[in-house]
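Everything on this sheet refers to the single structure shown next.
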Amino acid sequence: MAKPFLMIHIRPGKCDYCGCCVGVCPEDAIELQESKIAVIEERCTNCRKCVWACPWEVIEFHREGIKDLPKEISALDNLQFAHSLK
Amino acid sequence: MKTRYDIIVVGAGPAGSTAARYAAAGGASVLMLEKDRDVGYPVRCGEAVSHEGVIQFIQPDSKWIAATVTKFRLVAPNGKSVVPRLDGIGYVLERRIFDYELAKLAAEEGVEVVTKAYVYDLLKNDDGVVVGIRALIKDEKIDIPCKIVVAADGVESRVGKWAGIDTTCHIRDMESCAQMTISGINVEQDVLDFYFGDDVSPGGYLWVFPKGKNTANVGLGLSVEEAKKKSAIKFLREFIEKKFPNAAILTHIAGGVPCAKTCDRIVANNVILVGDAAHQVNPVSGGGIISGMIGGMIGGQVAAEAITKKDLSHLTEYEKRWQKRLGWRHEVFYNIKEAIASFSDDTLNSICDSALKLPEEKRTLGGIFRAALWNKPSMLMEVAKVFVS
Ligand SMILES: Cc1cc2nc3c(=O)[nH]c(=O)nc-3n(C[C@H](O)[C@H](O)[C@H](O)COP(=O)(O)OP(=O)(O)OC[C@H]3O[C@@H](n4cnc5c(N)ncnc54)[C@H](O)[C@@H]3O)c2cc1C
Ligand code: SF4
Ligand code: SF4
């Protein structure tokens, strides 16, 4: 689904890499490694199931998208990693 | 590492190691890949199992038993509790050692194990048939051909999806969990505690499982549908602050448990799913160690048979054997879970009260269950099904 920009954001360094969010994501839109995680933008439909599932509340939903957030909390590094596998 | 294998197992949890072990024992060449650096770590588990469950696979060993339990206590929302009589005993494991030992049993059968090996896709031929896996092993991309892929990749499973099976867990069924291992507390070492009620874990439960002197796993799980309103970590922090304010926190983890019926399909396109990846969890208790190992054993055996017979269509036998062994039970348990989750605090309190009125010798789980039935007669049919066949 085409979207202007990413609205689901996993706060870097806060995640426990437990996979609960991955288990409920209907779009297979979350890439999870031992200590890396990223939302695959092109697949995500902003359904927010991952946000609700996260036991530690580290996934945020930004109605306006995250393009204007300061660089240090952008998901760009993570996205590059997700893309490198596709 | 060889250039190709009969069977590749993705994930080295209890289900994966058991599948690998039985597949190799059946004569297949087997590779098991684990994304993490260590088998068995990090531990995302309350670690409680029954003695009867464990001994099907491994002889109990003090090096992976943190506590031996003989009782469990059900604590109602109003704080009253009942201790049902139990016949068997149970253990609280040290899973970081237990999982390791299971992987060693697999290795003894000839399974090759590689850690820091993340499977990021399936290898398919031009017709879309699965013919291997694609992995990132110690940061290097490598494709490894095989005949059968066993997806034992846990709650975060994606391998099944890549083979065309919809393994997404409905948010109603996913339990969002948080747990801390805490120390410096007073905790009875032979009792598993279960707390119920809207204050601790609406629709789910909170557990305090002993883990050796002055130490316990304290955690809870609640349906994502409930977690939407208030998260697992908030419930857990409140409980620990109230009940164990001075505890030292040794570990702190998040997790998810798919408390669903088994996935509609657990075999497709030369891929079989075992353990949490297949939703082979007891939906009432959320326990998935033993049932995942049973799924792994059946899956491993059937996969090896398919290799020997040179007939991959034999894999559908796994679905049938699982359904007959535990799948049908989990369907019944699922309906019971739904009924229990709908109990209000008042109902839970009155179940506890009726159980406490039972004479001690009748205070068994069955007795408590009958007390529960008075509150929810529609459960009767479901329960009857569990005991009839
Ligand atoms: C908080 C909590 C408490 C629990 N308490 C209990 C309990 O008391 N008793 C009980 O019986 N059960 C309990 N469970 C459930 C139990 O932990 C699971 O059912 C069990 O671990 C499932 O085993 P598994 O082998 O299927 O999956 P896992 O043990 O999750 O193993 C899956 C493995 O696959 C690896 N993996 C995933 N994706 C990939 C990939 N792409 N490539 C390579 N490797 C991959 C993972 O790193 C992991 O090591 C609990 C669960 C949680 C979350
Ligand atoms: S919002 Fe929905 S589609 Fe997007 S990552 Fe989360 S669960 Fe997946
Ligand atoms: S559910 Fe939360 S803690 Fe767990 S992997 Fe997803 S973002 Fe991380």
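Here are some notes:
- Helical mean residue ellipticity (222 nm; -39500 (n - 2.57) per DSSP H run of 4+; nearest 500) of the protein assembly as shown: -9000 deg cm²/dmol
- 18 Å Cα-Cα reach of B:Lys2 towards lysines, excluding residues that sit fewer than 8 places from it in its own chain: B:Lys116, B:Lys138, B:Lys141, B:Lys147
- Candidates A:Met7, B:Ser183, A:Cys25 compared by Cα position along the dipole of the protein assembly as shown: farthest toward the positive end lies B:Ser183, with charges placed on Cβ.
- Taken along the Cα-to-beta-carbon direction at a fixed 7 Å, the label points for B:Asn78 and B:Ser344 span 1.4 nm.
- Per-pair calculated FRET efficiency, R0 = 41 Å: B:Asp139 and B:Lys229 via Cβ, rounded to 0.05: 0.50
- Across every direction, the projection of the convex hull enclosing the Cα atoms of chain B has a mean area of 19.1 nm².
- In nm, spacing of pseudo-spin labels at B:Asp127 and B:Ile89 (7 Å Cα→C-beta vector): 5.5
- Across chain B, the relative contact order, built from alpha-carbon pairs under 8 Å that are at least six residues apart, equals 21 percent.
- Sorted ascending by nearby beta carbons within 10 Å, beginning with the fewest, B:Lys357, B:Lys362 become B:Lys357, B:Lys362.
- Efficiency of FRET between B:Leu356 and B:Lys116 - r from beta-carbon atoms, R0 56 angstrom, step 0.05: 0.60
- Whichever lysines have a C-alpha closer than 30 Å to that of B:Lys213, once near sequence neighbours (fewer than 8 apart) are set aside: B:Lys63, B:Lys71, B:Lys80, B:Lys104, B:Lys234, B:Lys242, B:Lys243
- Counting only DSSP beta bridges whose two residues both lie in the protein assembly as shown, roughly 75 percent are antiparallel.
- Cα-based shape type of the stretch B:1-67, given that a ≥ b ≥ c are square roots of the gyration tensor eigenvalues and the cut on a/c is 1.5: oblate
- Residue among B:Gln301, B:Gln56, B:Gln323 with the largest mean-square fluctuation in a Gaussian network model of chain B, springs linking Cα atoms under 10 Å: B:Gln56
- Residue of B:Asp276, B:Asp121, B:Asp311 that the Gaussian network model of chain B assigns the largest fluctuation, springs spanning Cα pairs under 10 Å: B:Asp311
- Longest to shortest principal axis, alpha-carbon extents of the protein assembly as shown, angstrom: 67, 59, 43
- In this simple spin-label approximation, A:Glu34 and B:Arg37 carry label points 7 Å from Cα along the Cα→Cβ vector, and these lie 0.6 nm apart.
Just so you know, all these numbers are worked out from the coordinates, no wet-lab data involved. Nothing here was measured: the structure is a model prediction, and the numbers come from that model. We place every Cβ from the backbone using ideal geometry, glycine too, and count neighbours over all the protein chains shown.
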